[in-house]
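Presented below is the structure to which this report refers.
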Amino acid sequence: MTDIRINHDTEVTLHFTLKLPNGDVVDSTEGKAPATFKVGDGSLLPGFENSLFGLKAGDRRSLEIEPERGFGPGSPQNIQTMPRDQFSDMELEPGLLVIFKDAAGGEMPGVVKTIHDSVVDIDFNHPLAGKVITFEVEIIAVKAA
């Protein structure tokens, strides 16, 4: 093991687990190949990446990432109200993930937030927006990039 510490000019290999406050695992490399990235390449959100600075190979940490440093606080403008009859072929319930087509023909996920008599509120914020994420890491290797 070397004593190179994670900074702007490093490549990092690590195992990670992302957990919600209730302990549910959102993503993990456990039982799989570790992830490798160059700091600043966009593989990790900056808040996650910055929390690793100063760590070296062999380090293990459990870090809490606040929404502002993670997936954002969420925005009320990303909650859209749509006519309920647009969902006539679906069994709607809060929390249901629905895939919509955007203007360019791409896919846009939205989560059913509230169901009213004639309309449905759909949340287009990132599903992890507004959530504190526990970021558990085991640094496998750090090398100069």
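Here, each number is a calculation from the coordinates, and none is a lab measurement. Note that this is a predicted model, so its numbers are computed, not measured. Positions of Cβ are generated from backbone atoms using ideal geometry, with glycine treated the same way; all protein chains shown enter the neighbour counts.
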| said: Could you tell me the calculated FRET efficiency between A35 and L97, based on Cβ-Cβ distance and R0 = 30 angstrom, to the nearest 0.05? | reply: 0.75
| query | Roughly speaking, what is the centre-to-centre gap between the stretch 72-145 and the stretch 17-46 when only Cα atoms are used, to the nearest Å? | reply | 19 Å
| said: Whole-Hz ³J(HN,Hα) for each residue in the stretch 41-57, computed from phi via Karplus 6.51 cos²θ - 1.76 cosθ + 1.60 with θ = phi - 60°, x for glycine and proline: what do you get? | reply: 7, x, 5, 10, 4, x, x, 6, 4, 4, 5, 8, 4, x, 7, 9, 3
| Distance in nm between pseudo-label sites at R60 and D3 (7 Å out along the Cβ direction from Cα) | 2.3 nm
| query | Between K143 and S43, what FRET efficiency comes out of the Förster formula 1/(1 + (r/R0)^6) with R0 = 22 Å and r the beta carbon distance, rounded to 0.05? | reply | 0.90
| task | Check cross-link reach from K113 to the aspartates and glutamates: straight Cα distance under 13 Å, and skip same-chain residues fewer than eight apart. | result | E93, D121, D123
| message | Viscosity 0.692 mPa s, temperature 37 °C: give me the Stokes-Einstein translational D for the chain in µm²/s, with Rh taken as the Kirkwood radius over C-alpha pairs. | response | 188 µm²/s
| query | Taking neighbour counts of Cβ atoms within 10 Å as a proxy for exposure, in what order, fewest first, do L63, L14 appear? | reply | L63, L14
| Dipole magnitude (debye, nearest 20) for the chain, charges at Cβ of Lys, Arg, Asp, Glu | 520 debye
| query | Rounded to whole Å and sorted largest first, what semi-axes of the equivalent ellipsoid does the C-alpha gyration tensor of the stretch 1-78 yield via the square root of 5 times each eigenvalue? | reply | 24, 16, 11
| note | When H116, H15 are ranked with the fewest other C-beta atoms within 10 Å first, the list becomes H116, H15
| Of every Cα-Cα pair in the stretch 62-131, the percent that sits beyond 20 Å | 36 percent
